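**Q** Got a structure for you, written out below as C-alpha cells; questions coming shortly.
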Amino acid sequence: MAQHRDIPLNLITGFLGVGKTTAIRHLLAQRPEGEHWAVLVNEFGEIGVDGGLLADTGVALEEIPGGCLCCVSAQMFTVGLNRLIRSQKPDRILIEPTGLGHPAQIIRTLTEPPYAGVLDLRATVTLMDARHLASPRHREHPTWQDQIALADVLLANKADLYSEDDRETLHAYVAAMPSPRPLVVETTQARIEREWLDRPRLERGGALFPEARAFLDAATESTDHDHDHDHDHAAPAADEWVTIDTRGDGYIGRSWLMPEGQVVDHATLARLVDTFTGDRLKGLVATDQGWHRINRVDGHGGLEPMAAPNTPLRPRIEAILPESDTAALDALARTLDAARTPNP
C-alpha cells in the first residue's frame, strides 16, 4: 500500500442505538463534490443491517459482521480495510465499530505499521445519549466508559428527549472529565458537521487512559475478552430462514436472514416492534405493505417505510438484549415466526 499516503480516517463510535449510522448518513450528504469516501461498518450480529441502511448513499461500503473489531473480527477488519484502500483509493474513510466494540485496539491498529503513513487518523467522534448517565448498566459498562474517554468530539445525541435533570447531569459529567476535554455538542437526529472530522486528535500524554491500557494488556493475554461467537460463514441457501446468535460483553444478539422474496405480515411485525423491550432492534423487512426499516432503541422507535431496494436483498432483522433476557428473545422469535406469510 506504499502508493497510498495519509488518507484521512475517522472513527464514529458510540454504544448501542445512539445514532452512529444516522450520523454517517449526515456526513456523507456533506462530502465535498468530487471526493470519493468509503465506509467500513462492523456489526455485533452475524448478519449485517447497517450496510443496507447506507446502500443508497453511493459510497464504497465494506461490512464486517460477527463481533467487535478489537477481537475475533480483527483479521477480517484488516482484510476489509486493505480492500477498501486498494480498490477504492478513497479520499476519506469512515469506520463505524459495533456499539459493543472497544475503540482502543482499533486506534492502536490504525496508528501502527502497516497503516502508519498510509492512514491519517483524525478526530474520533463518539455519540452518546445523556439519559444513559442515569443508567448503571450503561455508565458502569467499561466499553461505554472507554468510548467516551477516547472521544475527540462527543455528540450528546437525542437532546430533544432530555429532561432538565438529564441535561444537568450531562453538564456535570463533562465538567468532571479530565483535561484535555473533547468538543461536546448537544444534537438531535445525529446531526453532525463535516468540519468536526478534521479537528485534531487530543494529546493524552502519549498513552491511552488507564482503562484502555488495561484492556489492551488483557487483549494481549487473551484474544476473546468475554466474547463467544459462532462463525460458520458458509453461504446459506437462498430459500432458508437463517438464525445466528452472538454473545459478548453481557449481551446476546440474534440475527435473522430471511429468504429473498419473503414477505412479513405488517400488523404482526408492528406489534412485535412496539412491544420489544431490549436495547436494540433493527432490520430491513418486506411486508405486505411494502418495505420497512426497523429502528427501535431502548423502547423508542418503530417501523419506517422505505423505498424497495434497487438490487435484490434478503430481508433481515437483528435484536440485541442483555444475556439475562433470553426468554424475551425466544418470545420475539416465536412472534416473528408467526408473522411469516407464504412465499409466492
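The values are calculated or read from the model by the stated rules, or taken from the named source; none is laboratory data. Just so it is clear, the structure is predicted and the values come from calculations on it, not from any experiment. Cβ: placed from backbone, ideal geometry, glycine included. Neighbour counts: every protein chain shown. Keep in mind that these areas ignore ligands, DNA and RNA; they rest on the heavy atoms of the full protein, side chains included. Shrake-Rupley method; radii C 1.70, N 1.55, O 1.52, S 1.80 Å.
**Q** For segment 174-198, which positions are more than 24 Å from the chain's Cα centre (by Cα) and either surrounded by 18 or more Cβ atoms within 10 Å (Cβ to Cβ) or closer than 25 Å to GLU96 by Cβ (or both)? Even if it seems obvious, please write down each step before you answer.
**A** Restricting attention to segment 174-198, the residues satisfying the condition of being more than 24 Å from the chain's Cα centre (by Cα) are 175-180.
Those that are more than 24 Å from the chain's Cα centre (by Cα) and either surrounded by 18 or more Cβ atoms within 10 Å (Cβ to Cβ) or closer than 25 Å to GLU96 by Cβ (or both): MET177, PRO180.
**Q** Take the residues of segment 94-153 that are among the hydrophobic types (A, V, I, L, M, F, W, C), under 21 Å from ALA176 (Cβ atoms) and free of Cβ contacts under 8 Å to residues at least 40 places away in the same chain: which is surrounded by the most Cβ atoms within 10 Å (Cβ to Cβ)?
**A** ILE148
**Q** Still on this model: Considering only segment 22-44, I want to know if a residue exists there that is under 17 Å from the mean Cα position of the chain (by Cα), modelled with pLDDT of 75 or more, assigned to a loop (DSSP other than H, G, I, E, B) and β-branched (Val, Ile, Thr).
**A** Applying the first criterion (under 17 Å from the mean Cα position of the chain (by Cα)) to segment 22-44 yields 22-28, 38-44.
This time we only want the ones that are modelled with pLDDT of 75 or more, so: 22-28, 38-42.
Filter again for assigned to a loop (DSSP other than H, G, I, E, B), leaving none.
Taking every residue of segment 22-44 in turn, none turns out to be under 17 Å from the mean Cα position of the chain (by Cα), modelled with pLDDT of 75 or more, assigned to a loop (DSSP other than H, G, I, E, B) and β-branched (Val, Ile, Thr).
**Q** In segment 296-307, is there at least one residue being in contact with a helix residue (DSSP H, G or I) (Cβ under 9 Å, 6 or more places away or on another chain), modelled with pLDDT under 85 and open to solvent by less than 10 Å² (accessible area, probe 1.4 Å)?
**A** Checked segment 296-307: no residue is in contact with a helix residue (DSSP H, G or I) (Cβ under 9 Å, 6 or more places away or on another chain), modelled with pLDDT under 85 and open to solvent by less than 10 Å² (accessible area, probe 1.4 Å).
**Q** OK, next. Limited to segment 92-137, what total is found for residues that are in a helix (DSSP H, G or I) and in contact with a His (Cβ under 7 Å, 6 or more places away or on another chain)? Step through it out loud before you land on a result.
**A** To start, the set of residues in segment 92-137 that are in a helix (DSSP H, G or I) comprises 103-111, 130-134, 136-137.
So of that shortlist, the ones also in contact with a His (Cβ under 7 Å, 6 or more places away or on another chain) come out as 132.
Final tally of qualifying residues: 1.
**Q** Between a first residue in segment 163-192 that is touching a residue at least 60 places away in the same chain (Cβ under 8 Å) and a second residue that is of a type in the set (S, T, N, Q) and open to solvent by less than 30 Å² (accessible area, probe 1.4 Å), which pairs have beta carbons less than 6 Å apart while being 6 or more apart in sequence or on different chains?
**A** Filtered contacts from segment 163-192: ALA190/ASN157.
**Q** Identify, from the list ARG271, ARG247, ARG334, the residue that is at pLDDT 85 or above, charged (D, E, K, R) and either surrounded by fewer than 22 Cβ atoms within 10 Å (Cβ to Cβ) or not in a helix (DSSP H, G or I) (or both). Even if it seems obvious, please write down each step before you answer.
**A** Values: ARG247 fails: at pLDDT 85 or above; ARG334 fails: at pLDDT 85 or above.
Just one listed residue meets the conditions, ARG271.
**Q** Give me the pairs, please: first residue somewhere in segment 20-33 and over 20 Å from LYS158 (Cβ atoms), second residue anywhere and β-branched (Val, Ile, Thr), beta-carbon distance under 9 Å, and either six or more positions apart or on two chains.
**A** LEU28/VAL39; LEU28/THR57; LEU28/VAL59; GLN30/ILE192; ARG31/VAL59
**Q** Going through PRO200, PRO182 one at a time, which residue ends up being of a type outside the set (Val, Ile, Thr) and within 19 Å of PHE15 (Cβ to Cβ)?
**A** Numbers: PRO200 fails: within 19 Å of PHE15 (Cβ to Cβ).
On inspection, the qualifying residue turns out to be PRO182.
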